[in-house]
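> Encoded as structure tokens, here's the structure I'll be asking about.
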Amino acid sequence: ARKIDLKIDGVPAAHSILVDRALIVVALADLVRNSIEAVAENGTVVVRASRSTDQQRVCFIVSDSGSGIPEDLRDRGSELYFTTKESGTGLGLAVVKHIVEAHGGQLKIESGDDGGTTVKIDLPDRSPAQ
């Protein structure tokens, strides 16, 4: 109804990594849902996946054209029960962070002062070839 443009970009060539697929799907779905809630009508949400240049890590990136996160709140984004939403529980990003760290990865939240937020999930490649 808000005419949000959702783009999927840069999915790496067929290559599997060892993760709990259901948990990574939960994490990515939560990030996409947060981004959709953050953008205004005619906003944009982009989901990208890429490999590090050394092929040792896989990165999932969710970016939006929303209003951004104020600098003083950026570090609190993944804090358990912290929310700026009227109906939020404060569990979303905390759960995402837990899932990512349980996979040996890192969660990074970047937001510009002029708007837009990018959340990066950086996971080690633990594929059978590794």
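> Which value, in Å², gives the accessible area per residue of region 1-60 when a 1.4 Å probe is used on the protein heavy atoms?
For region 1-60, the per-residue accessible area is 65 Å².
> Another one. Under a point spin-label approximation (7 Å from Cα along Cα-to-Cβ), what is the Ile8-Gln106 distance to one decimal in nm?
2.8 nm
> Multiply the residue gap between Arg33 and Ser52 by 0.36 nm, knock off their C-alpha separation, and tell me the result in nm, one decimal place.
4.3 nm
> Just to verify a number: what accessible area does Lys7 come out at with the full protein assembly present, 1.4 Å probe, Å² rounded to tens?
The accessible area comes out at roughly 100 Å².
The values are calculated or read from the model by the stated rules, or taken from the named source; none is laboratory data. This is a predicted model, so every value here is computed, not measured. Cβ sites come from the backbone with ideal geometry, for glycine too, and all protein chains shown count toward neighbours. Ligands, DNA and RNA are excluded from the accessible area calculation, which covers all protein heavy atoms including side chains. Shrake-Rupley method; radii C 1.70, N 1.55, O 1.52, S 1.80 Å.
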